[in-house]
Amino acid sequence: MKTYIPKKDEIERDWWLVNAEGKVLGRLATEVANLLRGKGKPRYVDFLDCGDHVIVVNAEKIRLSGNKLVQKKYYSHSGYPGGIKEKTLGELMEKKPEDVIKKAVLGMIPTNKLGQAIYKKLKVYRGPDHPHEAQKPKEYKF
């Protein structure tokens with residue numbers, strides 16, 4: 001018996017709407033990463049982009065366990081000597097709560113060209129409104 005491998009044309013993509021209100025950041029990011037990769041589908045293969053599009057709303061209302069608002073830090077470097085910048089999770093939540101979810105999901109998908117293609121299907125919005133009503137997204141229940 002041969003193993004079935006789906007073709008790119010045979011992959012069907014759905015649109016999912018995830019409400020982040022009251023959800024713990026890490027658990028939310030795990031579920032979103034699994035939807036983006038398509039791991040729940042019967043035709044999943046790890047070397048193809050089989051996943052769905054995901055819209056995350058209410059990013060500013062996520063929950064964090066422990067003392068992460070003060071202790072968790074995000075670093076970036078400009079490439080120049082002394083060019084390292086450090087922000088706490090609390091600072092990032094005030095300015096751009098969408099980036100917190102995006103960074104958490106980005107850490108859970110592969111770091112290659114396939115991962116870049118998967119990451120492009122993620123849309124995160126601060127409030128409950130989003131411009132993707134025409135795609136008729138389905139509500140995702142945890």
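The values are calculated or read from the model by the stated rules, or taken from the named source; none is laboratory data. Remember, predicted model here, so these are calculated numbers, not experimental data. Cβ sites come from the backbone with ideal geometry, for glycine too, and all protein chains shown count toward neighbours.
Of all the numbered requirements in (1) exposed (fewer than 15 other Cβ atoms within 10 Å of the Cβ); (2) over 17 Å from residue 110 (Cα atoms); (3) out of contact with any Lys or Arg (no Cβ under 6 Å at 6 or more places or on another chain); (4) of a type in the set (Asp, Glu), residue 14 misses one, and that requirement is (1).
Against the test of being assigned to a helix (DSSP H, G or I) and either polar (S, T, N, Q) or modelled with pLDDT of 95 or more (or both), the options 36, 17 yield a single qualifying residue, 36. Set side by side, the residues 102, 73 differ, and just one is touching an Asp or Glu at 6+ places or on another chain (Cβ under 7 Å), closer than 18 Å to residue 26 by Cα and without any contact (Cβ under 8 Å) to a residue 24 or more places away in the chain, which is 73. In the stretch 42-88, counting only strands (runs of 3 or more DSSP E) that sit wholly within it, the ones holding 1 or more residues that are closer than 30 Å to residue 3 by Cβ span 53-57. Exactly one residue out of 134, 117 is without any contact (Cβ under 8 Å) to a residue 12 or more places away in the chain, under 27 Å from residue 12 (Cβ atoms) and aliphatic (A, V, I, L, M), and it is 134. Filtering the stretch 6-30 to residues that are within 20 Å of residue 136 (Cα to Cα), out of contact with any strand residue (DSSP E or B) (no Cβ under 7 Å at 6 or more places or on another chain) and not aliphatic (A, V, I, L, M) leaves only 12.
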